[in-house]
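Taken together, the values in this text are just the output of simple stated rules run on the coordinates, not laboratory data. As the structure is a computational prediction, the values presented were derived from the model and not from experiment. Every residue, glycine among them, receives a Cβ derived from its backbone with ideal geometry; neighbour counts consider all protein chains shown.
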Amino acid sequence: MNITAVLLPVFVQVGLTFVLLLWLGRLRVGALKAGEVRMCDIALGERNWPKRALQFQNAFHNQFEVPVLFYVLVVLALITRKADMLFVVMSWMFVTSRLVHAAIHTTSNKVIWRFQAFAAGVLILAFMWIIFGIRVFSSEVGI
C-alpha cells in the first residue's frame, strides 16, 4: 500500500489536534482579555475557565486518549507491511469518527451523540487491531 495513503488519515488526525489547540488558545486568551476569568482563578486548575473554553479543552485532551492507539497501530502496520486498502478505509472511518466526536464536543455537546461517535471510533479501532493481530500471527505460523 502507498505510504501516503496510509499516513494521510494520520495527518488529518494530527491536524484536528492542532486546530483544537489553537482554537482553545484563542478562547482562553479571549476569556482573559474580556475579564471572564482572572489569572489567579486558573493558576492552580483548569476548571475555572468559561464553559466554551472547557468544551474545547476537553475535546483537545480527548485527542491524547484513544487516538494514541491509532498512531501506534499505523506505525506497526507500516513496519510490518500489513497496511492494505482495508486498513486505509478503516483508518479514514476512525478519523471521521474523531472529527464528528470533536465537532459534537465543541458545539451542541449532546452526550448521547458524542458517545455514539466515540463508541463507533473505538469499535473501528478495536477491529483494526484484531485484523492486524490476526495478520501478524497468521503470517508467523504460515497460515
Every pair of residues 6+ apart whose Cβ atoms lie under 6 Å, when the first sits in the stretch 34-53 and is free of Cβ contacts under 8 Å to residues at least 12 places away in the same chain while the second is surrounded by fewer than 11 Cβ atoms within 10 Å (Cβ to Cβ): none
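At least 2 residues that are in contact with a Phe, Trp or Tyr (Cβ under 8 Å, 6 or more places away or on another chain) and either under 18 Å from residue 5 (Cβ atoms) or of a type in the set (Lys, Arg) (or both) in each: list the helices (runs of 4 or more DSSP H) lying fully within the stretch 35-143 that qualify. It would help to see each step written out before you state the result.
Details: elements: 39-42, 51-62, 66-80, 85-106, 111-140.
Per the criteria, 66-80, 85-106, 111-140.
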Scanning for something over 21 Å from the mean Cα position of the chain (by Cα) and either in contact (Cβ under 8 Å) with a residue 40 or more places away in the chain or more than 25 Å from residue 10 (Cβ to Cβ) (or both), does the stretch 122-133 turn up at least one residue? no
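With respect to residue 87, determine if the residue is aromatic (Phe, Trp, Tyr), surrounded by 12 or more Cβ atoms within 10 Å (Cβ to Cβ) and over 21 Å from residue 109 (Cβ atoms).
In short, yes.
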